[in-house]
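Just so it is clear, none of the values below were taken in a lab; they were calculated from the coordinates. A quick note: this is a predicted structure, and the numbers were derived from the prediction, not measured. FYI the Cβ positions are ideal-geometry reconstructions off the backbone, even for glycines, and counts take in every protein chain you see.
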Amino acid sequence: KKLELNLLSTFQTGDQRYNPNLFDGDIIEIPKLVDKKNSLENISNNLIPDKINIYVVGEVNQPGMYTVDSKTSVQNAILIAGGPNNWRYQPNNIKLIRVQRNGEVEVKKVRFKENFSPNSSKKIALRSGDIIRVNKNLFGKSSDALGTLLNPIQDLYSLYGVYSLIND
């Protein structure tokens with residue numbers, strides 16, 4: 001059975017008439033595109049979005065959700081979030097957290113390089129909903145722990161200073 005399909009109509013309207021079932025042994029022949037105006041790049045509701053939402057959290061200057069170009073790299077996403085906090089982040093322990101379609105969580109360990117090449121062949125493509133976590137180093141963890149311990153003591157010392165001024 002020979003059938004001519006209009007996949008462009010299927011993409012644009014969702015019409016399933018042009019989406020036949022395929023069976024073992026079927027042969028699919030795709031002719032060369034002659035009409036450039038109907039190419040996938042020119043469809044307004046393309047399958048690949050222009051912008052995606054990602055989250056950059058942890059030891060960056062401005063953590064949060066960002067709407068970025070779909071071709072943004074992990075390196076650029078960190079820089080968009082204000083860059084890493086110097087002295088507090090681990091450049092070799094940055095995690096890309098992605099929830100797969102089946103519900104599983106995939107965690108990839110990536111490295112932040114300050115002098116990176118934007119055309120690197122090891123570039124990881126980001127997807128909408130990805131989370132980039134910039135982890136603390138030992139200095140960051142230690143300074144946070146010391147701050148937690150010393151803040152109550154500092155408050156008591158300030159209260160003692162006020163009490164001393166009042167009694168004088």
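Rank-order 50-62, 19-31 by packing density, defined as the average count of other C-beta atoms within 10 Å over each peptide's residues, highest first. Numbers along the way, then the final one.
On the way: 50-62: 16.8, 19-31: 7.1.
Most protected by this proxy first, the peptides run 50-62, 19-31.
Applying a DSSP loop filter and a limit of 12 other Cβ atoms within 10 Å to the GluC sites (Glu not before Pro) in region 70-115 leaves Glu104, Glu114.
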